[in-house]
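Take a look at the structure set out below.
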Amino acid sequence: MNRDGHVETLRWNGREIEMIDQRLLPARKEYVACNSARSVADAIRAMVVRGAPAIGVAAAYGIALEAVRLSEEIPSRFTEKMNDGFTVLAASRPTAVNLFWALDRMKKRWSENSGRPLADLASILLQEAHDIRAEDIRINRKMGQYGATLLKDGDRVLTHCNAGALATAGHGTALGIFRSAVESGKRISVYADETRPFLQGARLTAWEMVQENIPVTLITDNMSGYLMSRGEIDAVVVGTDRVAANGDVANKIGTYMVAVLAKRHNIPFYVACPLSTIDLSLATGNGIPIEERPAEEVKGFRNCHWAPEGVAIRNPAFDVTPAELVTALITEKGIVDNKTLTDGDLVGFVKKHRS
Ligand SMILES: CSC[C@H]1O[C@H](OP(=O)(O)O)[C@H](O)[C@@H]1O
C-alpha cells in the first residue's frame, strides 16, 4: 500500500520498476520487476499491467530504463537501440492512447536533451517517468473531486471492467470517483460487472473495493439490464482508453451495451477521462483501433476451458460508445456535459486546458 493506503500498482525500487502482476489477483499479490523497454512491453502485452493510465506510466519507465541500460552497456548504439525501444513499446497494445501519449512525452524529453552526456540524459528521462507517475495520481484525485459532485449519498453506481488504482498509478479514474465520494461522506455502493473474458471487474474492481470496505456487489455482465429495469442502479461510471474529438468513447468490451441500457432507463452514464486519454487526432470513434486479443481468453479461464475445440472465436477487447450516449466526461479540469460533446466543443475544452 502507498502513503494514501491504496494499492501501489507500480513502484520504483531504486533500479527497476516493479508492477503488480494483475493476472494473479485476487488470489496472489505479487510484483514483477522490469528493467528494459522489452520487458515492460511484454508485461503490457500479457496484461501483467493493464489500464490506460497504468500502461502509459509503465511505458514511460520502459523508455527511461532502456536509456539507463544503453548508456551503461552500449553507448555507441544508444540512438538506434532507443528507437527500437520506442517501437517495441508502441506495438504492445493498440487501443489505450495513454501509451502513445507517454511515449511522445518521453521522446520530446529526449530530443530536448539530446546533446547531454548519456548518463545525464538517462537521469532526466527517469525523472520524467517519475513525474508522469506522480502527476497521474494528482490528476486522478482532481477527477475524483469533480466526479464525486455528481453522485448523491446512497447512490448505487454500476461500473464495468476496472478503472481503479490498478488501472492507474493510484486512486483510479472511475473508482477514484467512488473513493472521493466516500471520502466526502457519501455512502455509495458499487455494482461491479464481472467483465468477461479477462474478469477485471470480478478479480480487480471487487478486490479494490473489498480491500477498502467500500460496499461492492459483483454481478455477471448479463445482469446489468435487469437491475436497471428494477430501478436498482442510480448511475454508471466507467473509465476509458481513448476518446475521439467528437466525444466517442472507447472502453472495455461491453461498455457500449451498458451505455445503451443506461439510456433506455434514463440512468446517467459518466466516463472518467484524464485529458491524456483524449485523442484529438481522431475525428470520431471510427478511427480508434480495437485490439483483438487471443481466442484462448474466451475459451475459458486459465486452465479451465469450456468451449469445444474447433469453435470459431472473436475477442475484441474494446468497443466504442457514441458521444450521444455519454451524459458527461469527468476530467481533471472539470466536467464536460453531453451538450458540449455533441456540439463538438470538446476540442475547445481540451485546447483550453491541456498544458
Ligand atoms: C482507467 S483506464 C481502464 C480501462 O482499461 C481497461 O482495459 P484493459 O484492462 O484491457 O487494459 C478497461 O477498458 C478500463 O476501463
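Filtering the stretch 146-166 to residues that are within 12 Å of the ligand (Cβ to nearest atom) and either surrounded by fewer than 24 Cβ atoms within 10 Å (Cβ to Cβ) or of a type in the set (Gly, Ala, Ser) (or both) leaves Ala163, Gly164, Ala165.
Quick check on my filter: what residues within the stretch 129-145 are open to solvent by 20 Å² or more (accessible area, probe 1.4 Å) and more than 16 Å from the ligand (Cβ to nearest atom)?
His130, Asp131, Ala134, Gln145
Just one of Ala169, Ala181 is away from the ligand (no atom under 16 Å from the Cβ), assigned by TED's automatic domain parsing to the domain that holds Leu227, at pLDDT 95 or above and crowded, with 24+ Cβ neighbours inside 10 Å; which is it?
On the way: Ala169 fails: away from the ligand (no atom under 16 Å from the Cβ).
After ruling out the rest, the residue left standing is Ala181.
The one condition from (1) in contact with a strand residue (DSSP E or B) (Cβ under 7 Å, 6 or more places away or on another chain); (2) farther than 29 Å from Leu24 by Cα; (3) free of Cβ contacts under 8 Å to residues at least 60 places away in the same chain that Asp155 does not meet is (3). For the stretch 32-56, give me each residue that is part of a helix (DSSP H, G or I), within 16 Å of the ligand (Cβ to nearest atom) and open to solvent by less than 20 Å² (accessible area, probe 1.4 Å). Selection gives Val40, Ala41, Ala43, Ile44, Ala52, Pro53, Ala54, Ile55, Gly56.
For the stretch 91-109, a tally of residues being open to solvent by less than 50 Å² (accessible area, probe 1.4 Å) and closer than 16 Å to Ile132 by Cβ returns 7. If the condition is being within 16 Å of Ser189 (Cα to Cα), more than 16 Å from the ligand (Cβ to nearest atom) and among the small types (Gly, Ala, Ser), then the stretch 199-233 contributes only Gly231. Quick check on the stretch 93-117: of everything there that is among the hydrophobic types (A, V, I, L, M, F, W, C) and part of a helix (DSSP H, G or I), which residue is farthest from the ligand (Cβ to nearest atom)? Only one residue tops the list, namely Trp110. Of the strands (runs of 3 or more DSSP E) lying entirely inside the stretch 237-355, those containing at least 1 residues that are buried (at least 21 other Cβ atoms within 10 Å of the Cβ) and among the aromatic types (Phe, Trp, Tyr) span 269-272, 318-321.
Filtering the stretch 118-152 to residues that are in contact with a strand residue (DSSP E or B) (Cβ under 9 Å, 6 or more places away or on another chain) and within 22 Å of Ile330 (Cα to Cα) leaves Arg133, Ile139, Asn140, Lys142, Met143, Gly144, Tyr146, Gly147, Thr149, Leu150, Leu151, Lys152. Being hydrophobic (A, V, I, L, M, F, W, C), open to solvent by 20 Å² or more (accessible area, probe 1.4 Å) and either in contact (Cβ under 8 Å) with a residue 12 or more places away in the chain or not in a helix (DSSP H, G or I) (or both) is a description that does not apply to Ala59.
On the phi > 0 side of the Ramachandran plot, open to solvent by less than 60 Å² (accessible area, probe 1.4 Å) and in contact with a strand residue (DSSP E or B) (Cβ under 9 Å, 6 or more places away or on another chain): does that describe Thr195? Spelling it out, Thr195 is indeed on the phi > 0 side of the Ramachandran plot, open to solvent by less than 60 Å² (accessible area, probe 1.4 Å) and in contact with a strand residue (DSSP E or B) (Cβ under 9 Å, 6 or more places away or on another chain). Pairs are defined by a Cβ separation below 9 Å, a sequence spacing of at least 6 or placement on different chains, a first member in the stretch 232-245 that is among the basic types (Lys, Arg), and a second member that is within 11 Å of the ligand (Cβ to nearest atom) and assigned to a loop (DSSP other than H, G, I, E, B); the pairs so defined are Arg242/Thr95; Arg242/Ala96.
Just to check your reading of the model, which residue among Pro268, Pro274, Pro289, Pro294 is touching a residue at least 24 places away in the same chain (Cβ under 8 Å) and more than 30 Å from Leu151 (Cβ to Cβ)?
Numbers: Pro268 fails: more than 30 Å from Leu151 (Cβ to Cβ); Pro274 fails: more than 30 Å from Leu151 (Cβ to Cβ); Pro294 fails: touching a residue at least 24 places away in the same chain (Cβ under 8 Å).
Answer to the check: Pro289.
The values are calculated or read from the model by the stated rules, or taken from the named source; none is laboratory data. These figures come from a predicted structure and were not determined experimentally. Glycine gets a Cβ as well: all are built from the backbone with ideal geometry, and neighbour counts include every protein chain shown. Heavy atoms of the whole protein, side chains included, go into the accessibility calculation; ligands, DNA and RNA do not. Shrake-Rupley method; radii C 1.70, N 1.55, O 1.52, S 1.80 Å.
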